[in-house]
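Visitor: Below you will find the structure I want to go over with you.
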Amino acid sequence: MRVLGVDPGLTRCGVGVVEGVVGRPLTMLGVGVVRTPADADLGHRLVAVEQGLEQWLDEHRPEFVAVERVFSQHNVRTVMGTAQASAVAVLCASRRGIPVALHTPSEVKAAVTGSGRADKAQVGAMVTRLLRLEGPPRPADAADALALAICHIWRAPAQNRLQQAVAAHAARTPPTTSRAPAARHATKGRTA
């Protein structure tokens with residue numbers, strides 16, 4: 001399985017490609033950052049993120065794209081930029097028919113380090129170890145992108161089995177309709 005991980009951001013959008021399967025050593029195929037100038041117009045920045053991601057998709061041809069799910073932060077401006085870059089990543093992958101998975105930061109940290117509360121240094125150290133790198137990828141956005149790809153490789157098989165089980169259960173269970181008792185509607189608006 002080849003996964004492009006995307007740590008979305010307008011100034012620095014981390015990207016990393018990892019190949020492998022559960023239970024086998026993973027291989028990093030590429031890591032980097034798509035950068036845009038902070039003083040540029042928003043539209044131009046989004047186009048630059050799109051062009052950068054398209055280059056990564058062209059070069060590495062991933063089977064899946066894993067994007068960090070945007071979560072609430074205190075700084076609304078930061079959240080908006082992250083959400084916009086995230087949408088660009090989803091759009092680029094979807095346009096090509098590549099499945100997209102969203103993973104929360106806690107899911108990624110737990111998958112890579114064993115703790116959903118790990119800090120960036122711990123995530124970087126584990127990514128370095130898991131991919132047998134000489135040192136942690138810099139900046140941290142690049143390491144986070146690799147962690148997203150690793151998380152997806154390790155979680156996807158279990159998620160697929162769960163989705164299949166839910167679909168099989170739904171296929172066996174007849175749909176139910178809820179009907180409110182007639183008396184409830186008849187007394188609506190009446191007072192005693």
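The values are calculated or read from the model by the stated rules, or taken from the named source; none is laboratory data. As the structure is a computational prediction, the values presented were derived from the model and not from experiment. So basically every Cβ, Gly included, is an ideal-geometry build from the backbone, and we count neighbours across all protein chains shown. Protein only, heavy atoms only, side chains kept; ligands, DNA and RNA dropped before computing areas. Shrake-Rupley method; radii C 1.70, N 1.55, O 1.52, S 1.80 Å.
Visitor: How much length would be gained if the chain were fully extended between D41 and L133, taking 0.36 nm per residue of separation minus their Cα-Cα distance, in nm to one decimal?
Guide: On the way: separation 92, 0.36 × 92 = 33.12 nm, distance 3.65 nm.
Net length gain for the segment: 29.5 nm.
Visitor: I've got another one for you. Starting from the Cα of R61, step 7 Å toward the Cβ, then list every residue of the stretch 1-16 with an amide N under 20 Å from that point.
Guide: Under cut-off, by backbone N: 1-5, 16.
Visitor: Calculate one ³J(HN,Hα) per residue across the stretch 41-52 by plugging θ = phi - 60° into the Karplus curve 6.51 cos²θ - 1.76 cosθ + 1.60, and present them in order as whole Hz with x for glycine and proline.
Guide: The phi angles translate into 4, 3, x, 5, 5, 5, 5, 5, 5, 4, 5, x Hz.
Visitor: Can you compute 3J(HN,Hα) from phi for each residue in the stretch 13-28, using the Karplus curve 6.51 cos²θ - 1.76 cosθ + 1.60 with θ = phi - 60°, rounded to whole Hz and x for Gly and Pro?
Guide: Running phi through 6.51 cos²θ - 1.76 cosθ + 1.60 with θ = phi - 60° gives 10, x, 9, x, 10, 10, 10, x, 9, 4, x, 10, x, 8, 10, 7 Hz.
Visitor: Determine ³J(HN,Hα), in whole Hz, for all residues of the stretch 119-130 in sequence, where each value follows from phi through the Karplus function 6.51 cos²θ - 1.76 cosθ + 1.60 and θ = phi - 60°; x replaces Gly and Pro.
Guide: Running phi through 6.51 cos²θ - 1.76 cosθ + 1.60 with θ = phi - 60° gives 8, 4, 5, 5, 4, x, 5, 6, 4, 4, 5, 5 Hz.
Visitor: Follow-up question, since we're still on this one. Let's see if you can work this out: charge +1 on each Lys and Arg Cβ, -1 on each Asp and Glu Cβ, no other charges. What is the dipole magnitude of the stretch 78-150 about its Cα centre, in debye to the nearest 20? Each step should come with its number before you reach the end.
Guide: Values: 8 positive and 5 negative charges, 23 e Å.
Result for the stretch 78-150 is approximately 120 debye, rounded to the nearest 20.
Visitor: Can you list residues whose amide H is under 5 Å from V15's amide H, if they're 5+ apart or on another chain and H is modeled 1.01 Å from N?
Guide: D7, G32, V33, V34
Visitor: Leaving ligands, DNA and RNA out of it, report the carbon-plus-sulfur percent of the accessible area of the stretch 55-112 at a 1.4 Å probe.
Guide: Working: 1760 of 3240 Å².
Within the stretch 55-112, the accessible surface is 54 percent carbon and sulfur.
Visitor: Using a probe radius of 1.4 Å on heavy atoms only, what accessible surface per residue do you get for the stretch 74-115? Whole Å² is fine. Write down the numbers at each step before the final one.
Guide: Working: 2210 Å² over 42 residues.
Ligands and nucleic acids excluded, the figure is 53 Å² per residue.
Visitor: Obtain the nm distance between the two label points defined at R172 and E19 by a simple spin-label model: each point lies 7 Å from its Cα along the Cα-to-C-beta direction.
Guide: Result for the modelled spin labels: 3.9 nm.
Visitor: Turning to a different aspect of this structure: Once amide H atoms are built 1.01 Å from N in the peptide plane, which residues 5 or more positions from R69, or in another chain, come under 5 Å H to H?
Guide: Correct list: H103, T104.
Visitor: Using a 1.4 Å probe and counting only protein heavy atoms, arrange R45, R61 so the residue with the most accessible area comes first. Each step should come with its number before you reach the end.
Guide: Working: R45 25, R61 155 Å².
Order by accessible area, largest first: R61, R45.
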